[in-house]
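Before any comments, here is the structure.
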């Protein structure tokens, strides 16, 4: 009798429910009895795209002992492919922002490649936010079933990079990190994500990365906000993100990002409205730059917004001008080479 099937790592160790499977997929099936079959076959189906593939855990390869263990592996590509155009994924630093991310993907009109959120929820098939999920920039929820053995099933997450990736959380300027695990200013390495953590991971279809968090896209401190608030005016964290291969557009902030919830004075900074409006505008137009300009200007609360365009080597931002007693903001376009260090 076959009892269960589950994913394992290269050493044959069972993977936790929240781990992300990368190519190849390794499966192990286990059973008892005196007359085990020569092999078993697992069918893996993406619940997001409905694509399916077959894998034979230990086809012609079993360990002859009780319990009987069947092992095998196969590529992810039969059911998880780089069909990234028309897809979006998200990761939220706090569970409370999960609905914001879900609304963004739905309003954008893209097929979802999943939302990772702070603690996660195994029952609801929501993985927790992690560096692994941030690096993948998308996943598919995959159902594994063993042919001929009803009830011998497993669910796992497989990497599947999206075209658009949204991060909702906190950014820190001088350290150039974004926060994970619901933290705001943690010094724990697993809670902090930097450009170095990405490496070449975003070269599998991701074209637009959106960082809804403060300051990490600053280049050259064009509005003197970093210097005025005690941060380095020359660190330019946005240059490190621009050097990450893959995306051609980075949308985010060189200054403060309006809060997604009520601020410390119990005021609504309309962060959720800005994210929603960006999706509304982009769904109607293919121009991310113009959509972001309008979304961040609509309530005049997001003038710390900036865009790094690596394809055209451009930098877009709201330039602050003071004509006392008023301040005005103009949408500036400059060459990256002109933006200082």
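Remarks
- Selection over the stretch 296-330 of residues that are modelled with pLDDT of 95 or more, outside any loop (DSSP other than H, G, I, E, B) and more than 14 Å from residue 217 (Cβ to Cβ) gives a count of 0.
- Checking residue 61 against (1) in contact with a helix residue (DSSP H, G or I) (Cβ under 9 Å, 6 or more places away or on another chain); (2) modelled with pLDDT under 85, the condition it does not meet: (1)
- Some residue of the stretch 23-35 being assigned to a loop (DSSP other than H, G, I, E, B), at positive phi, surrounded by fewer than 14 Cβ atoms within 10 Å (Cβ to Cβ) and at pLDDT below 85: yes
- Of all residues assigned to the stretch 176-196, at least one qualifies as being buried (at least 22 other Cβ atoms within 10 Å of the Cβ), in contact (Cβ under 8 Å) with a residue 60 or more places away in the chain and part of a loop (DSSP other than H, G, I, E, B).
- For the stretch 215-236, the tally of residues that are part of a loop (DSSP other than H, G, I, E, B) and surrounded by fewer than 23 Cβ atoms within 10 Å (Cβ to Cβ) stands at 12.
- The stretch 303-335, residues that are in contact with a helix residue (DSSP H, G or I) (Cβ under 9 Å, 6 or more places away or on another chain) and more than 22 Å from residue 246 (Cβ to Cβ): 303, 304, 318, 320, 329, 331, 333
- Answer from 200, 186 - the residue that is more than 14 Å from the chain's Cα centre (by Cα) and closer than 30 Å to residue 45 by Cβ: 200
- Residue 246 being more than 22 Å from residue 196 (Cβ to Cβ) and in the same structural domain as residue 321 (by TED's automatic domain parsing): no
- Among the numbered conditions (1) surrounded by fewer than 17 Cβ atoms within 10 Å (Cβ to Cβ); (2) touching a residue at least 60 places away in the same chain (Cβ under 8 Å), the only one that residue 308 does not meet is (1).
The values are calculated or read from the model by the stated rules, or taken from the named source; none is laboratory data. Note that the coordinates shown come from a computational prediction; the quantities given were computed from them, not determined experimentally. Please note: Cβ atoms are built from the backbone with ideal geometry, for glycine as well, and neighbour counts cover all protein chains shown.
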